[in-house]
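For reference, the structure discussed in these notes is given below.
The values are calculated or read from the model by the stated rules, or taken from the named source; none is laboratory data. Fair warning: this is a prediction, and the values are worked out from it, not measured in the lab. Cβ coordinates were reconstructed from backbone atoms using ideal geometry, including for glycine residues, and neighbour counts include every protein chain displayed.
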There are 2 protein chains.
Amino acid sequence: MKIAIAQLNFHIGNFEGNLKKMLEAVDTAKQQSADLICFSELATVGYPPRDFLEFEDFVELAEHTIQELAKAANGIAIVVGSPVKNPVIEGKDLYNAAYFLEEGKVKYIQHKTLLPTYDIFDEYRYFEPATEWQVVKYKGKKIALTVCEDIWNIGNENPLYTICPMDEMIGQGPDFILNLSASPFSYTQASTRIKIVQANVARYGVPMFYVNHCGAQTEIVFDGGSLVVSPDGKVYDELPYFEESVRTYELDDVISGGKEREMPKDKMTLIHDALVTGIRDYFGKLGFKRAILGLSGGIDSAVVAVLAARALGPDNVRLVLMPSQFSSAHSVEDARELAQNLGAQYDLIPIESIYNSFMDALKPHFWATDFGIAEENLQSRSRGNLLMALSNKFGNILLNTSNKSEVAVGYGTLYGDMCGGLSVIGDVYKTEVFELARFMNKDEEVIPENIITKPPSAELKPDQKDTDSLPPYEDLDEILYHYIEMRQSPQDIIEMGYDEKLVRRILRLVNINEFKRHQMAPVLRVSTKAFGMGRRMPIVGKYLS
Amino acid sequence: MKIAIAQLNFHIGNFEGNLKKMLEAVDTAKQQSADLICFSELATVGYPPRDFLEFEDFVELAEHTIQELAKAANGIAIVVGSPVKNPVIEGKDLYNAAYFLEEGKVKYIQHKTLLPTYDIFDEYRYFEPATEWQVVKYKGKKIALTVCEDIWNIGNENPLYTICPMDEMIGQGPDFILNLSASPFSYTQASTRIKIVQANVARYGVPMFYVNHCGAQTEIVFDGGSLVVSPDGKVYDELPYFEESVRTYELDDVISGGKEREMPKDKMTLIHDALVTGIRDYFGKLGFKRAILGLSGGIDSAVVAVLAARALGPDNVRLVLMPSQFSSAHSVEDARELAQNLGAQYDLIPIESIYNSFMDALKPHFWATDFGIAEENLQSRSRGNLLMALSNKFGNILLNTSNKSEVAVGYGTLYGDMCGGLSVIGDVYKTEVFELARFMNKDEEVIPENIITKPPSAELKPDQKDTDSLPPYEDLDEILYHYIEMRQSPQDIIEMGYDEKLVRRILRLVNINEFKRHQMAPVLRVSTKAFGMGRRMPIVGKYLS
């Protein structure tokens, strides 16, 4: 039996587009003489459809897509993820399901059992878990259908669920396991995923074909990396990252095993490609082509400019240099050099006269007060306004350039440098931004060396440096990582050797700045804990604040 | 037996403050000779604690609070909601529990069974459901402990759950039911709640004491309205809305019944009081006193100004009038009159020179383009900047004044009039804003009549009216309600008699403006479906867009 797996970039709610992609893949699979083709989880609707699932009309469009797709299931079986209505009145209205389509009809529907409801996942919000498990018989083989999380409850020290669907099915003697996934990228995910698939293969002694979603949906990036693992535990094949791909395998060959083909997993390559994918799909799926961003001469906007140029092409990126009286001469020079390296359009719009007109209007109200946060923020907000005016006038999306470290401690201006439709590096710590810049420069100097080596500064008052008000980024990022990603207590972090006062100040900054992050653009997620939908904190919370 | 119920305004993560409140209530209950006092759901930590629950340290602080509270359980039993660790390795790490404290110790812990995971609720994200149910014996009585949703699975046409915890307990012969709730306000909730409690009492034949949280936590307002329902089905007592209250009842009297005391439930009174509570607690819990807002002369900012003055006192509200060349003379006059009626400070800061300085800076870039959205938005953003500068300088929180109708269709400027730390009327449709204004004026004219009667206009270009680009608000709001609150399909709404093109245009506007709402301040929730944490939509979604 020949099995095709199709790792495609679906678009949430784009039923027509998703169907078209699947029909093309079915044709490809037929050309590859496949007996069966498997798509990813919720392929008809894209993942995650979120509260669209609460619209009956939306679910019916998914059902219609299944009916259309079933028509292509002749001479080939099609396995595809889609929501299905719960016929029983009690419980949630839907199941998250794997459809088995054969001879133009729905032959079987296997519901998903384990419904991730943590981090970015809300599946129990919509779906009722499976209570029945049945292998599907097809051309003399028995197939176990599993959906994403269904295979993730083994090999963990702290299993989230009390049930294991493959344990229920293994007694029926399946010949292989299909897993339909929509498993989001993080820079450790590809390795974790392989271990989990291998743990399943080791436990059940049959090969697994694991099909993942690829491409980005707003902040969530799917890296693909679909897998075929042989009973010998080896990765028989791993599909490319961040690319669509349809490949067909002879089941007997996979069972024989002995082959091994894994993709390289370099952290910076993965983050770089994830961010490029995130930008490209955000624009593509919203129907936009061109980006705009402010180029300060600092490293954050430099890195975002390079990513944007790689995602959209330098012709589609407009860079705006907006110096104030506090900007150093080298900042403008460095920014200009970067723009030239990229071959992107850049404009110079000084903000001093705008800033002065604000200060004139505010003079009677600011009388006898000292220069402070209000004045610093006015500069940042003047820049935000200029960028948004250009964005509105010419129809480009403003990219936000805040990094994770500053977003964490609130070192950014709401409605100023926090403006933007998409936060590109809001899940990349400052120390990682430096790594990424060096990575980008590895073949040739794209980012001028001076941008990487000079001390970071917001340049909102004379001779300002980030380290005036923050610890060195190496320490800051380490403390933040243990608090945000690892959710450790202040005491735990202090015991790692950090100064108590510093730790308490940092964690307090994180918590009192929740109100800023609440109003931030979606953040492309590359870590296991990004700001945004995967981290839900109360604004009025008093804990550690 | 005398039973006290304590409806208190807790603060998320403020363990010390919450404990102090509870100890004071225990004292009050002792003075009222109560044998038992019951607090609301998750009272130790405040509701909803959200991802703070993922911090082990946070949960341990809750456990410590329980230990401290238990010390006061002498001569009185204390029933209190708090998270508790799941001792079993499988499943979620926590239970949402009702503690029964007696003689200085934890006597029993009943876990919550039904974990709401819809709208603003994420309980299955954190909690494992109960699998055991046991009545508690105390002073010769048997008590059934239930937590919020546990009593909500009866009397529904479409039950969300497949289990009913009281059905499991009724065989043990409880004398009464305690329900610990954190049930958020909407303007229909008080009536719905009474029906549900009555349905339980009718089914199980025993009285119920229902204890709700009161006060606001960011966008979620809890109205209190705790209930005592007698076996005869009558509301023996209903506690006040939006106020703390501790009351004690003789169980025998409640069982005898015959008494009936319900609070009035006028929609506008409820919405008004909910919004005042929402503002007051947002400021109070964040440690702020003073608000600032822009007063345009329109009805939205007028209504928010009145609410702010009532929540914080007129001395703590600063109103800023920021006319442009497009503002009508009456706008400034109307705004000034309102400020004077309220007795609040107001400032006049014309924006023309600021707007001109932006246009000067942009002239080379905007060359040969027509006046449009970019120019309109620049005015709105100049105002946003001025308000934020004053907010930063003087430490007041900017209140957002956008209404639900405009937020729905994206008729607002990101980083302009969408600025603000809290959206006060973002869940109030424009037609309801008019109702609310008339309600505020019912005893004396607070809002100048002209503000209510003139046609709504953004005044961002000459002679602009809202109806230039939108249908009449009566129609718009009706269409929006059916789409947002009722989640009906375009076809359903068209069949109600609305023009197909109009319906499709409105629903498209709602969907393509998700990116704006993503960056909006938290919206005080007064309906059953507010923008924000209770409505989670994809930004790149293609459905109806």
### Message
Just to be sure I understand the filter: pairs with C-beta atoms under 6 Å, separated by 6 or more residues or on different chains, first member in region B:310-328 and of a type in the set (D, E, K, R), second member outside any loop (DSSP other than H, G, I, E, B). Which pairs pass?
### Response
B:R310/B:V276; B:R318/B:I292; B:R318/B:Q345
## Note on the structure
Filtering region A:177-207 down to residues that are out of contact with any Gly (no Cβ under 7 Å at 6 or more places or on another chain), farther than 26 Å from A:K267 by Cβ and not β-branched (V, I, T) yields A:L178, A:R203, A:Y204, A:G205, A:P207
### Task
Give the residue, chosen from A:N86, A:N14, that is assigned by TED's automatic domain parsing to the domain that holds A:E132, touching a Leu at 6+ places or on another chain (Cβ under 9 Å), at pLDDT 95 or above and among the polar types (S, T, N, Q).
A:N86
### Query
Can you find a residue in region A:33-49 that is touching a residue at least 12 places away in the same chain (Cβ under 8 Å), more than 19 Å from A:E128 (Cβ to Cβ) and acidic (D, E)?
yes
### Query
So which of A:S527, A:S469 is at negative phi, of a type in the set (S, T, Y) and at pLDDT below 95?
A:S469
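May I ask you to verify whether A:A458 is more than 11 Å from every other protein chain (Cβ to nearest Cβ), part of a loop (DSSP other than H, G, I, E, B), modelled with pLDDT under 95 and buried (at least 19 other Cβ atoms within 10 Å of the Cβ)? Full working, then the answer.
Working: more than 11 Å from every other protein chain (Cβ to nearest Cβ): yes; part of a loop (DSSP other than H, G, I, E, B): yes; modelled with pLDDT under 95: yes; buried (at least 19 other Cβ atoms within 10 Å of the Cβ): yes.
Against the criterion (more than 11 Å from every other protein chain (Cβ to nearest Cβ), part of a loop (DSSP other than H, G, I, E, B), modelled with pLDDT under 95 and buried (at least 19 other Cβ atoms within 10 Å of the Cβ)), A:A458 qualifies.
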## Note on the structure
Restricting region A:131-154 to residues that are touching a helix residue (DSSP H, G or I) at 6+ places or on another chain (Cβ under 7 Å) and within 14 Å of chain B (Cβ to nearest Cβ), the one farthest from B:D119 (Cα to Cα) turns out to be A:I154
#### Entry: Answer residue from region B:36-60, given it is under 26 Å from the mean Cα position of the chain (by Cα) and in a helix (DSSP H, G or I) and is nearest to B:T218 (Cα to Cα) among those
B:R50
### In region B:121-143, the residues that are crowded, with 17+ Cβ neighbours inside 10 Å, touching a strand residue (DSSP E or B) at 6+ places or on another chain (Cβ under 8 Å) and part of a loop (DSSP other than H, G, I, E, B)
B:Y126, B:E128, B:P129, B:A130, B:W133, B:V135
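One line per residue, one yes/no per condition, for (1) among the aromatic types (F, W, Y); (2) on the phi > 0 side of the Ramachandran plot:
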{"position": "A:E250", "(1), (2)": "no, no"}
{"position": "A:D253", "(1), (2)": "no, no"}
{"position": "A:R261", "(1), (2)": "no, no"}
{"position": "A:M268", "(1), (2)": "no, no"}
{"position": "A:F283", "(1), (2)": "yes, no"}
{"position": "A:G287", "(1), (2)": "no, yes"}
{"position": "A:I299", "(1), (2)": "no, no"}
{"position": "A:V306", "(1), (2)": "no, no"}
## Note on the structure
From the option list B:A199, B:A190, single residue qualifying as within 18 Å of the chain's Cα centre (by Cα) and in contact (Cβ under 8 Å) with a residue 12 or more places away in the chain is B:A190
### Query
Would it be correct to say that B:Y498 is buried (at least 20 other Cβ atoms within 10 Å of the Cβ), aromatic (F, W, Y) and part of a loop (DSSP other than H, G, I, E, B)?
no
### Message
Being surrounded by fewer than 21 Cβ atoms within 10 Å (Cβ to Cβ) and either closer than 11 Å to A:I451 by Cβ or outside the structural domain of A:V446 (by TED's automatic domain parsing) (or both) is the filter here; which residues of region A:326-343 pass it?
### Response
A:H330, A:E333, A:E337, A:N341
### Query
Of everything in region B:361-417 that's within 28 Å of the chain's Cα centre (by Cα) and of a type in the set (S, T, Y), which residue is nearest to the other protein chains (Cβ to nearest Cβ)?
B:Y415
### Query
Quick one: would you say A:F242 is surrounded by 19 or more Cβ atoms within 10 Å (Cβ to Cβ) and on the phi > 0 side of the Ramachandran plot?
yes
### Message
Looking at region A:501-522 only, could you name the residues that are under 22 Å from A:Y282 (Cα atoms) and either away from chain B (no Cβ under 11 Å) or in a loop (DSSP other than H, G, I, E, B) (or both)?
### Response
A:Q519, A:M520, A:A521, A:P522
### Message
Among the residues in region B:429-440, are any basic (K, R), under 30 Å from B:G215 (Cβ atoms) and outside any loop (DSSP other than H, G, I, E, B)?
### Response
yes
### Task
Working carefully through the options A:A70, A:A62, find the one that is at pLDDT 95 or above, over 20 Å from A:S245 (Cα atoms) and within 12 Å of chain B (Cβ to nearest Cβ).
A:A62
### Summary
Checked region B:477-500 for anything of a type in the set (S, T, Y), within 23 Å of the chain's Cα centre (by Cα) and more than 10 Å from every other protein chain (Cβ to nearest Cβ); matches are B:Y481
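The rows are residues; the columns are (1) of a type in the set (V, I, T); (2) at pLDDT 95 or above.
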| residue | (1), (2) |
| --- | --- |
| B:L312 | no, yes |
| B:V317 | yes, yes |
| B:F326 | no, no |
| B:F358 | no, yes |
| B:H365 | no, yes |
| B:I373 | yes, yes |
### Task
Inspect all residues belonging to region B:154-168 and state whether any of them is under 30 Å from B:E56 (Cα atoms) and touching a residue at least 60 places away in the same chain (Cβ under 8 Å).
no
#### Entry: When residues of region B:523-533 are limited to those that are assigned to a loop (DSSP other than H, G, I, E, B) and within 19 Å of A:E219 (Cβ to Cβ), the one nearest to the other protein chains (Cβ to nearest Cβ)
B:M533
### Query
Quick check, is B:F176 aromatic (F, W, Y) and closer than 23 Å to B:T131 by Cα?
yes
### Residue under evaluation A:I163, criteria (1) within 14 Å of chain B (Cβ to nearest Cβ); (2) over 27 Å from B:E123 (Cβ atoms), criterion not met
(2)
### Summary
Flagged in region A:1-28 as within 11 Å of chain B (Cβ to nearest Cβ), outside any loop (DSSP other than H, G, I, E, B) and either among the aromatic types (F, W, Y) or in contact with a strand residue (DSSP E or B) (Cβ under 9 Å, 6 or more places away or on another chain) (or both), in numbering order, are A:F15
### Task
List every residue pair whose Cβ atoms sit under 8 Å apart, with the two residues 6 or more apart in sequence or on different chains, where the first one lies in region A:378-391 and is assigned by TED's automatic domain parsing to the domain that holds A:S296 and touching a residue at least 60 places away in the same chain (Cβ under 8 Å) and the second, anywhere, is surrounded by fewer than 24 Cβ atoms within 10 Å (Cβ to Cβ) and in a helix (DSSP H, G or I).
A:Q379/A:Y355; A:S382/A:Y355; A:L386/B:A361; A:L386/B:L362; A:L390/B:L362; A:L390/B:H365; A:L390/B:A374
## Note on the structure
Screening A:I220, A:I163 for residues that are farther than 23 Å from A:A25 by Cα, crowded, with 24+ Cβ neighbours inside 10 Å and of a type in the set (V, I, T) leaves only A:I220
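Tell me, which residue of region A:284-308 that is β-branched (V, I, T) and either in a helix (DSSP H, G or I) or modelled with pLDDT under 95 (or both) is farthest from A:Q379 (Cα to Cα)?
Among those residues, the one meeting the criterion is A:V306.
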### Query
How many residues are within 14 Å of chain A (Cβ to nearest Cβ), among the small types (G, A, S) and surrounded by 24 or more Cβ atoms within 10 Å (Cβ to Cβ) when one looks only at region B:266-316?
2
